[in-house]
Every structure is written in structure tokens, then in C-alpha cells.
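One structure is given below, encoded as C-alpha cells.
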Amino acid sequence: MSKRLFLLLVAASLAGTPAIAKTVRTDTIRITPMEAPASGTIPVEDSLTAQQDPIADDNAPLEEPAPDETYPLPEVLYDPSLLPTPVARMRSQLLDAAISGDIERLRMVLESNEVPPTLSLIEIGDPIEFLKESSGDPDGLEILAILADTLDAGFVHADVGTAQEMYIWPYFARYPFHALTADQKVEMYRIVTAADFAEMEAFGVWLFYRVGIGKDGTLHYFVAGE
């Protein structure tokens, strides 16, 4: 397990995160004519029971429906001009601070926010000192690079029309892993390693850094973990 994913998982456990339950897959198994008893046909009632009971044939192939047949995939956006003005302004301020190489410039952005954004799932003190401690280098440059790469990725407009409506980067935080195409995974590997993704895929949730900005331009979080 990579060091940074281990730290994220530790943070999640300290925050009292409940275990992530995997969805139980249900499938319909159809009995073919070859499976019918040689002595005669299967009564209608027994046929329906066999179709609904997966125990009827443990070796039958399981057919999983395409994900978009049940739930539409989130629309992935790349054009910053589609962002509302307050959201675009906050993203620009964060990006400018990130690429400046001076983490103190990020302090000014955080302090100008309407509310203190979530930077950790556990209680922290000074936000900039916390980000420095979370970085792989003493000056917080790695964290600034992660922030810049995150905001350069595609994003989604999530929970539209609700109190939780938000623009979220990267879109992988709200996109089903099993639906990612090869080119989307290339996008993702610009932010995380293949080993990181394999570990997150086992948990079924994005555990790396993501940014959430409300439609009014409020930065709600720049956080990792779940």
C-alpha cells in the first residue's frame, strides 16, 4: 500500500468513518431447454421459481446490466467558462495561489472564504501548517501541485437544485469506477498512481484529494479521505 493512501485511510478511521458496504448484486438466471427434466416440461410455477432463485444453478453465468441502463453517468465538464462567475473566481484564486509556489498565498484565499473550508476529517489547528505537514516536502509544494492538478481536471456539477449543490473536482470523486474508459483512466493517472487507484477501487470510493465549491463561490472543502 502506498504511503499517502495509508495516511488517508488512517485519517478516515480516526474520523469514525463507517465501513463501506458493497452493493449485493442480484441477477436473473434463465433455465434453458437443456436444463429441463427429460421426463417432461417444467410447470409454470416451478419455472418462475427457478428463474428468480440464483441457487437453482450456481454455475450459470451472471449478466450485469450496463451501468447507464439504470443510472445515467454524471456529465463531465472541462470548460471553465461554464462555471458561474463566483465559482470561476474562487477556482482562479486557488489556482493562482497553487502555481505561485508560495503556500502563504493560499492562506489569503482560505481566510477570504465565507466559512472555514474543510481541510481534514479530523480537527486541525492552523490550516497552512496542517497542509505543510500533509505535504511530502516541508514547504507544502507537493500539496500546491496536487491542488493545481485537481483543479485542472474535469469536474461535475453535483446535487443540482439541493442545498448541497456544488462543483466538484476531479470528477472521479463522483464517477463510478467501473464505467471509466481507458482515456479517462489516463486522465486519472495524472493525479494518482495505478496502485493508489487499485486501493481506492477496493473500497469503492475516491479517497484522494478533491475540491468542492458551492454555486455562490464558497470553498467547502479541499480534502482527502472519506
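The values are calculated or read from the model by the stated rules, or taken from the named source; none is laboratory data. Everything numeric here is computed off the predicted structure, so don't read it as measured data. Don't worry about glycine lacking a Cβ; one is built from the backbone with ideal geometry, like all the others, and counts go over all protein chains shown. Areas reflect the complete protein model, heavy atoms only, side chains present, ligands, DNA and RNA absent. Shrake-Rupley method; radii C 1.70, N 1.55, O 1.52, S 1.80 Å.
Quick look at the numbers
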read-out	value
Residue-normalised accessible area of segment 108-226, expressed per residue, 1.4 Å probe, Å²	46 Å²
Theoretical gain in end-to-end length, LYS215 to GLU129 [0.36 nm per residue, Cα-Cα removed]	28.1 nm
Length released on extending from GLU75 to ALA179, taking residue separation times 0.36 nm less the Cα-Cα span	36.2 nm
Length gained when the stretch SER100-ASP137 is fully extended (0.36 nm per residue, less Cα-Cα span)	11.7 nm
Formal net charge of residues neighbouring ARG190 (Cβ-Cβ distance under 9 Å; K, R +1; D, E -1)	-3
For segment 79-226, average projected area of the Cα convex hull in nm²	9.0 nm²
Relative packing of peptides 92-105, 117-130 - highest average C-beta neighbours within 10 Å first	92-105, 117-130
Debye intensity ratio I(q)/I(0), log10, segment 119-204, q values 0.22, 0.23, 0.24, 0.26 Å⁻¹ (C-alpha model)	-1.21, -1.23, -1.24, -1.25
Segment 58-209 - percent of accessible surface contributed by carbon and sulfur, probe 1.4 Å	52 percent
